[in-house]
Amino acid sequence: MIVEYQAGHGILHRAHPFTNLTLVGSVAVLAFVLPAPGGPLVLGAALVTLAIAAGLVRILLPAAVVVAPFWGFLLLIHGLLGGEPLRALTFGGRIGTMVLGFLMLLVTIHPARLVDALVARRVPFAFAYLLSATLQAVPRLRDRGRQILEAQRCRGLRVRGSLFRRIGAIVPLTVPLVLGALAEVDDRAMALESRGGGRAVRRTPLDPPVDTMADRSARWVMAVGTLVAVLLQVLK
Amino acid sequence: MTNLTMTMSPHLLALIPLAVGINLALGQIAAVTHLPLFLDTVGTVLVACLVGTWAALATGFFSQLVFTVVSGNFTWLWFLPVQLAVAAYAGLAAHVGVFRRPWLTLIAGLGLGLLAASMSWPISFFVFGGVTGGGATVFVALLRGMGLTLGWAVYLGGLVADLLDKTVTLLLVRTILVSAPARMAARFPGARRTIGEA
């Protein structure tokens with residue numbers, strides 16, 4: 001399953017990317033800090049409410065698909081085999097909350113908008129470039145992997161059968177993909193160099209996301225709230 | 001990481017995204033063969049051999065980040081320290097010359113499997129209660145059903161998968177380095193040196 005950005009006009013779509021990142025970071029910390037199993041479950045319910053309010057009802061099903069195998073195995077290993085259903089509920093609540101929060105982040109932040117926000121904050125161009133170039137390279141190389149698989153099958157390669165036959169099939173499938181990718185490096189490096197890609201100068205994004213007072217306030221509230229929860233847990 | 005990205009050459013900026021793409025694309029090829037392999041660190045180990053440890057660390061970092069983003073599964077991000085450890089180990093292995101002989105590569109692969117399993121089990125155990133949703137979890141459930149404690153079941157489940165995966169990964173990278181055309185290998189400082197031909 002591949003989850004990607006989905007256009008929208010909800011509160012999380014309008015927010016600055018750093019606000020959504022802070023939200024997910026806070027959720028990931030609070031899922032472990034709040035008293036279990038009630039804390040993570042209440043946090044999860046709050047996230048579901050936020051998702052509905054932000055017009056993200058459509059991500060609840062993919063979230064359930066991601067989380068279902070975890071819950072199934074937790075129930076089996078801790079509930080049935082270990083006799084600790086509360087432990088299964090604790091880990092299930094934590095994992096479910098983190099997965100939902102992260103999916104909310106993925107569908108509301110366009111990668112290019114995140115890169116613009118990073119560059120506007122003086123994050124080195126190379127870091128921002130690597131993030132966006134990698135996201136673009138992955139589907140292309142996956143497609144090429146599929147093409148190589150089909151081509152090698154046409155030439156008679158068998159990827160099923162005995163263990164040794166399957167291990168033997170790995171080399172003719174992987175080596176062309178890797179060498180093909182390495183052959184691209186020079187062309188890409190030349191294109192980058194001609195655009196000043198390797199120079200450590202500051203770029204100016206054309207249309208950086210607007211960081212409003214509401215965004216900044218929300219980030220402070222989330223950061224301070226999370227810190228207080230951590231301190232309370234540590235001092236307890 | 002910031003210092004590294006400030007001074008990256010265009011060559012490295014071009015190589016790292018492709019290496020990350022290799023990490024993710026080879027996972028689907030491994031799935032086709034129905035072998036218990038991930039092959040999700042081949043690009044990282046390759047960069048360690050071609051360029052060096054720092055570039056491999058950057059590749060490992062972006063691999064785990066992008067894998068998490070593409071899969072939509074936040075749990076993968078917790079295993080970032082394992083990717084970084086693999087990158088550091090591969091850099092060291094390339095530096096000391098374990099890719100010069102196949103049997104040395106095999107031993108180094110087993111060592112890497114042991115390291116990866118030893119680093120991933122505390123994350124699986126303490127953060128996810130031993131359940132990571134992958135195929136190894138089925139093995140964990142089986143071992144648990146046989147009466148092993150959860151800690152041992154999680155460790156052994158990961159160990160079996162990692163020993164096989166990391167050994168195949170290192171041997172595969174050696175095969176790639178050996179079979180790379182001379183003109184291509186000449187563009188990367190470590191390509192021939194790593195296999196002892198320079």
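The values are calculated or read from the model by the stated rules, or taken from the named source; none is laboratory data. Model, not experiment: these values are computed from the prediction. Glycine also receives a Cβ, built like all others from the backbone with ideal geometry; neighbour counts cover every protein chain displayed.
I'd like to check something: does the range A:206-219 contain any residue that is outside any helix (DSSP H, G or I), out of contact with any Ser or Thr (no Cβ under 7 Å at 6 or more places or on another chain) and at pLDDT below 80?
Within the range A:206-219, not a single residue is outside any helix (DSSP H, G or I), out of contact with any Ser or Thr (no Cβ under 7 Å at 6 or more places or on another chain) and at pLDDT below 80.
Each row is one residue, and each column tells you yes or no for (1) modelled with pLDDT under 85; (2) aromatic (Phe, Trp, Tyr); (3) touching a strand residue (DSSP E or B) at 6+ places or on another chain (Cβ under 7 Å); (4) not in a helix (DSSP H, G or I).
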| residue | (1), (2), (3), (4) |
| --- | --- |
| B:Asn23 | no, no, no, no |
| B:Pro36 | yes, no, no, yes |
| B:Thr44 | no, no, no, no |
| B:Phe61 | no, yes, no, no |
| B:Ala90 | no, no, no, no |
| B:His95 | no, no, no, no |
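Tell me yes or no: at least one residue of the range A:108-122 is buried (at least 20 other Cβ atoms within 10 Å of the Cβ) and touching a Gly at 6+ places or on another chain (Cβ under 9 Å).
Yes, there is a match, as at least one residue in the range A:108-122 is buried (at least 20 other Cβ atoms within 10 Å of the Cβ) and touching a Gly at 6+ places or on another chain (Cβ under 9 Å).
Within the range B:46-56, can one find any residue that is more than 13 Å from chain A (Cβ to nearest Cβ) and buried (at least 22 other Cβ atoms within 10 Å of the Cβ)?
The answer is yes; a qualifying residue exists.
How about the range B:17-74: which of its residues are of a type in the set (Ser, Thr, Tyr) and more than 25 Å from B:Val98 (Cα to Cα)?
Within the range B:17-74, B:Thr33, B:Thr68, B:Ser71 meet the criteria.
Against the definition (hydroxyl-bearing (Ser, Thr, Tyr), touching a residue at least 60 places away in the same chain (Cβ under 8 Å) and in a helix (DSSP H, G or I)), how does B:Thr137 come out, yes or no?
In short, no.
How many residues, within the range B:7-21, are facing chain A (nearest Cβ under 7 Å) and in a helix (DSSP H, G or I)?
Total meeting the criteria: 10.
Of the residues that sit in the range B:64-80 and are of a type in the set (S, T, N, Q) and facing chain A (nearest Cβ under 8 Å), which one is surrounded by the fewest Cβ atoms within 10 Å (Cβ to Cβ)?
Applying the first criterion (of a type in the set (S, T, N, Q)) to the range B:64-80 yields B:64, B:68, B:71, B:73, B:75.
Then drop every residue that is not facing chain A (nearest Cβ under 8 Å), which leaves B:68, B:71, B:73, B:75.
Values: B:Thr68: 19, B:Ser71: 17, B:Asn73: 23, B:Thr75: 24.
Filtering the range B:64-80 for residues that are of a type in the set (S, T, N, Q) and facing chain A (nearest Cβ under 8 Å), the one surrounded by the fewest Cβ atoms within 10 Å (Cβ to Cβ) comes out as B:Ser71.
Being at pLDDT 80 or above and in contact with a Gly (Cβ under 8 Å, 6 or more places away or on another chain) is the filter here; which residues of the range B:119-139 pass it?
B:Ser120, B:Trp121, B:Ser124, B:Phe125 - these are the residues of the range B:119-139 that are at pLDDT 80 or above and in contact with a Gly (Cβ under 8 Å, 6 or more places away or on another chain).
Please enumerate the residues belonging to the range A:139-178 that are outside any helix (DSSP H, G or I) and surrounded by fewer than 17 Cβ atoms within 10 Å (Cβ to Cβ).
Our first condition is that a residue be outside any helix (DSSP H, G or I); within the range A:139-178, this holds for A:155-162.
Passing the criteria: A:Arg155, A:Gly156, A:Leu157, A:Arg158, A:Arg160, A:Gly161, A:Ser162.
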